[in-house]
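To keep things clear, I will list the structure first and then write my remarks on it.
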Amino acid sequence: MTQLPLRAQLASALGRGAATLSRLTGRGDGSVIGGRVGLLLEPDLLRQLAQDKKLALVSATNGKTTTTRLITAALLELGEVATNAFGANMPAGHVSALAQHKAAPYGVLEVDEKYLPEVLHTTGAGVICLMNLSRDQMDRAAEIWLLAQKWRRALSGKPAHVVANCDDPLVTWGASTAAKVTWVSGGQRWKEDSWCCPECGGPLDRKGNDWACRECTFHRPEPQWVLDDDAVIDPHGRRWVLDLKLPGLANRSNAAMALAVAEAFGLPVERALPRLREVTSVAGRYTTVERDGRYARLLLAKNPAGWLEAFDVADPALPVILSVNAQGPDGRDTSWLWDVDYRILRGRPVFVTGERRLDLALRLDIADVPFTLVDTFSEALAMQPPGRVDVIANYTAFQQIRQEFGRAV
Amino acid sequence: MPSDSVLRLVWIYPDLLSTYGDQGNLLVLEQRAKRRGIPVESIRVKSADPVPETGDIYLIGGGEDRPQILAAQRLRKDGGLHRAVARGAAMLAVCAGYQIMGSTFGGEEGQPVEGLGILDISSGRGTVRGVGELVAEVDSALNLPTLTGFENHMGVTRLGPGVRPLAKVVTGVGNGDGYEGCYAGHLVGTYLHGPALARNPALADLLLRWATGEDRLPPLDDSRFEALRQERLAAVAGQ
């Protein structure tokens with residue numbers, strides 16, 4: 001690769017130093033602080049670090065971290081890959097990720113939905129993977145129709161190759177100004193944010209995964225890739241049984257997206273898929289932690305769409321511990337709990353904890369779901385009989401549990 | 001309440017205006033009626049469908065700018081809500097749904113958009129977003145406990161002489177003039193988005209009393225509601 005200018009090299013080295021310090025002092029995994037130091041010294045650093053790499057950007061409301069990991073796993077088949085594996089998905093995290101693997105010919109970056117236009121502009125990434133858009137932490141996040149509109153403007157006139165989920169009408173609308181789009185039918189479980197046409201506001205008629213506006217011509221494009229239950233059908237009509245270690249429908253959808261992205265990099269399914277099958281846990285998601293014979297599987301659910309995915313993975317035969325916080329990264333507003341249909345939990349032993357457990361308690365009460373209210377996660381775990389239990393937690397609640405049990409990934 | 005004694009709850013346009021937890025208001029009303037032995041029918045009216053005129057309590061929620069404009073256009077054209085309100089039906093209008101009840105509200109670029117003219121208010125776009133917990137003391141004529149909830153909006157609402165302020169703001173933004181929301185007859189408007197009634201069960205009961213014509217409703221075990229209310233009020237007081 002070409003040499004970075006001296007100033008950029010210095011910025012990048014200082015950034016790495018700060019990251020090491022952050023890790024050593026136990027303040028974090030270092031991916032944000034390192035990038036921030038670097039960006040302060042050299043605002044153009046991200047562009048310079050990106051310019052010699054073949055880059056994929058991954059954005060969505062849900063599944064960004066997992067899909068980034070799956071694409072990274074696949075591209076390792078081609079060579080070294082720089083990636084922000086810990087979900088530090090804003091420009092500081094991108095600088096840190098790229099600086100740590102300067103020689104890597106490939107990069108896969110998870111990008112916060114709001115930052116996608118800026119990061120696309122700065123990096124000139126060649127491949128963009130767009131999966132889903134739904135309501136999420138609206139006390140600080142943008143309204144999603146506005147977000148999709150910003151994607152449209154950012155993609156218009158760019159040579160980037162977009163891989164997008166055409167089962168999500170808003171994603172389709174956001175992606176459709178791109179010069180080249182590969183459409184993937186990845187499914188859409190949460191539909192409450194897409195009953196209306198993003199183009200004209202008319203009602204969308206929906207049948208299975210298909211959709212079309214009743215009032216204008218906007219309709220679902222024909223997919224080249226199709227997720228078909230436990231398999232993916234590629235553009236040549238071949239059916240590949242996924243057989244992933246990661247559980248649930250949402251991850252099969254993520255894998256379908258990852259396979260389409262891999263092919264955009266010239267990597268065929270027969271070489272990419274075995275790599276996806278090796279991924280077992282992503283930044284603590286789906287890992288099992290153990291204490292005194294209780295095996296707790298950790299599921300992250302940050303918003304209503306995420307809870308639907310978690311319910312899909314959770315074992316109905318097991319007790320379940322729910323933990324909800326409302327710190328900054330979670331969104332300080334817990335209203336979204338009322339968008340989740342908790343009735344599916346009726347009949348299971350349910351334990352409720354977390355800093356906002358009283359919000360969740362009332363929500364479950366109104367849904368006629370019996371539960372036990374517990375002050376801490378440790379107590380909830382200790383109340384379980386020996387054996388397996390599922391845990392569904394939102395972002396900081398999830399991180400607190402991981403911290404208590406060690407951050408083994 | 002109609003002679004067949006089923007309480008009809010009508011949720012207007014969940015496909016357009018249900019951005020954050022608005023379903024909660026419907027579920028709380030449903031449950032509080034059922035636990036008192038009042039039969040309930042809940043009707044979710046999508047924006048392509050006509051609004052029934054025979055509801056007892058109408059609910060309309062919050063949403064983004066564009067769906068808000070679409071909802072106003074369709075409700076004006078449909079006329080069902082106007083006829084229901086003229087009949088004396090009760091209504092809880094939240095955030096974007098509150099704004100469209102007035103003569104005008106602010107569009108995507110802040111431009112004035114024609115509202116439904118059901119409440120004597122007019123709204124525009126402010127300069128800062130009001131986001132956070134809101135606490136307000138309810139107009140004494142309504143005899144309700146402290147109002148608590150979460151607001152997230154950029155709207156500024158001016159009240160005309162045809163409505164009264166719902167509550168006086170202690171913490172938060174509300175209408176932008178020191179007051180939060182408004183009421184007139186059996187209609188209530190508020191910036192408390194999402195499940196405002198989950199935080200304020202007494203407000204839910206006010207709507208139920210209006211709709212049933214009963215001065216008193218049998219008390220319920222509200223310990224869960226009360227625990228949450230006290231926790232949130234204490235959290236705001238400790239900020």
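At-a-glance table
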| read-out | value |
| --- | --- |
| Two-decimal ratio, region A:49-277, of alpha-carbon radius of gyration to 2.2 N^0.38 Å | 0.95 |
| Cβ-based net charge around A:ARG239, under 12 Å, with every Lys or Arg adding one and every Asp or Glu removing one | -3 |
| Along each principal axis, Cα extent of region A:182-231, largest first, Å | 34, 21, 15 |
| For the protein assembly as shown, with +1 on Lys and Arg beta carbons and -1 on Asp and Glu, the positive-most of A:VAL389, B:VAL94, A:HIS101 along the dipole | A:HIS101 |
| Cα-centre dipole for region B:105-239 with unit charges at Cβ (Lys and Arg positive, Asp and Glu negative), debye to 20 | 120 |
| Peptide ranges B:211-218, A:181-188 listed from the most packed, as the mean C-beta count within 10 angstrom indicates | A:181-188, B:211-218 |
| Radius of gyration and Dmax over the Cα atoms of region A:288-405, both given in Å | 12.8, 36 |
| Compactness of region B:43-140 as Cα Rg over 2.2 N^0.38 Å, two decimals | 1.11 |
| Chain A: DSSP helices with Cα axial extent of at least 24 Å and average Kyte-Doolittle hydropathy no lower than -0.5 | A:6-24 |
| Residue of A:ILE71, A:ILE344, A:ILE321 that the Gaussian network model of chain A assigns the largest fluctuation, springs spanning Cα pairs under 10 Å | A:ILE344 |
| Distance from region B:43-72 to region A:246-294 (C-alpha centre basis), Å | 41 |
| 19 Å cut-off, amide nitrogen to a point 7 angstrom out along B:ALA235 Cα→Cβ, residues in region B:141-155 | B:146-153 |
| Pairs of lysine residues in region A:49-277 - Cα separation under 14 Å, sequence separation of 8 or more or cross-chain | 7 |
| Computed FRET value (nearest 0.05) for B:ALA48 with A:LYS102, which takes r as the C-beta separation and R₀ as 51 Å | 0.40 |
| Rounded to the nearest 20 debye, dipole of region A:49-277 from Cβ charges on Lys, Arg, Asp, Glu | 340 |
| Where N is the number of residues in chain A, Cα Rg divided by 2.2 N^0.38 Å | 0.98 |
| HN-Hα J in Hz across region B:170-179 - Karplus 6.51, -1.76, 1.60, θ = phi - 60°, x for Gly and Pro | 9, 9, x, 10, x, 5, x, 10, x, 10 |
| Computed Kirkwood radius, in angstrom, where 1/r is averaged over Cα pairs of region B:7-237 | 17.3 |
| Loop-located GluC sites (Glu not before Pro) in region B:118-202 whose Cβ has at most 12 other Cβ within 10 Å (DSSP) | none |
| Unit charges at the beta carbon, dipole of the protein assembly as shown: most positive-side option, A:LEU276, B:LEU206, A:ALA256 | A:LEU276 |
| Amide H contacts of B:GLY160 (H built 1.01 Å from N, under 5 Å, at least 5 apart or other chain) | B:ILE121, B:SER122 |
| Aspartates and glutamates with Cα under 17 Å of B:LYS77, excluding same-chain neighbours fewer than 8 positions away | A:GLU215, B:ASP49, B:GLU53, B:GLU114 |
| Only Lys, Arg (+1) and Asp, Glu (-1) charged, at Cβ; chain A dipole about Cα centre in debye | 900 |
| Mean accessible surface per residue for region B:168-216, computed with a 1.4 Å probe while every protein chain stays in place, in Å² | 33 |
| Protein accessible area in chain A, 1.4 Å probe - carbon and sulfur % | 51 |
| Top positive-direction residue, dipole computed over the protein assembly as shown with Cβ charges, set A:ALA73, A:THR61, B:GLY21 | A:ALA73 |
| Principal semi-axes in Å for region B:88-217 [√(5λ), Cα gyration tensor, largest first] | 23, 17, 12 |
| Residues with amide H under 5 Å from that of A:ASP333, placed H, sequence gap 5 or more | A:ASP139 |
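The values are calculated or read from the model by the stated rules, or taken from the named source; none is laboratory data. None of these values were measured; they are calculated from a predicted model. Please note: Cβ atoms are built from the backbone with ideal geometry, for glycine as well, and neighbour counts cover all protein chains shown. We work out accessible area using only protein heavy atoms, side chains counted, and drop any ligands, DNA or RNA first. Shrake-Rupley method; radii C 1.70, N 1.55, O 1.52, S 1.80 Å.
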